[in-house]
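Derivation of every value follows stated rules applied to the coordinates shown; laboratory data play no part. Nothing here was measured: the structure is a model prediction, and the numbers come from that model. For neighbour counting, all protein chains shown are included, and Cβ atoms are generated from backbone atoms with ideal geometry for every residue, glycine included.
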Amino acid sequence: MAGERGRFDSFTAFLVVACLALAGLVIALTIQNRSLKEQLAHAPAMGAPPQFKAGDQVSPFEVVADSGEKSTIGFGQGEAKTVLLVFSAHCPACNETLPIWSRMLATPPAQGVRVIGVQTDRLDENPAAPLQLAASFPFPVYGYKRPKPDPLSKVPFIPAAIVIDAQGVVVDAWFGIPEKDVEQALEKALRG
């Protein structure tokens, strides 16, 4: 019986040590996460790739429709603003974001606001099934062939939502899975 009690005590001690080690690891990861968020907030100063920001001019660019027809996305065509949604069919963050965008767009945007999707999957590698997500959304979805259109080189990562006024000037841009405040700002852009 003394042997069983000794084994139980050593197992309990192991569990206590393991729990303390895990708690230390969680604290270290929390500190590292906070540090990485600060670095990301200051990324442009650290030489990160350029990205859209308020006031940037967006020039028209060529896209390809699901039918294979080429088209140009331009600005100042009667719309008050354009909400440009950029995503990929193979991006886990996009797969989390697309239902959020779909929910927002279940109610049509305000008059004068157009929504355009750009799917970044490589159309030149698989032209037979170019825009597998195009039919899933209540807005037109386009792709592009390489090289990437110049304005889209300012999309550092996807998913991205960019609000552009009638003159082609960026009003706001968000990258990554939208948090609640971004959802609210995007909803406001869609409704007025």
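For segment 56-125, which trypsin sites (Lys or Arg not before Pro) pass both filters: DSSP loop (anything but H, G, I, E, B) and at most 15 other C-beta atoms within 10 Å?
Numbers: sites: LYS70, LYS81, ARG103, ARG114, ARG122; in loops: ARG122.
Sparse-neighbourhood loop trypsin sites (Lys or Arg not before Pro): ARG122.
Given a cut-off of 29 Å, name the pairs among LYS53/LYS145; LYS37/LYS81; LYS37/LYS145; LYS37/LYS180 whose C-alpha atoms lie farther apart than that in the structure shown. Numbers along the way, then the final one.
Values: LYS53/LYS145 25 Å; LYS37/LYS81 31 Å; LYS37/LYS145 33 Å; LYS37/LYS180 17 Å.
Listed pairs above 29 Å: LYS37/LYS81; LYS37/LYS145.
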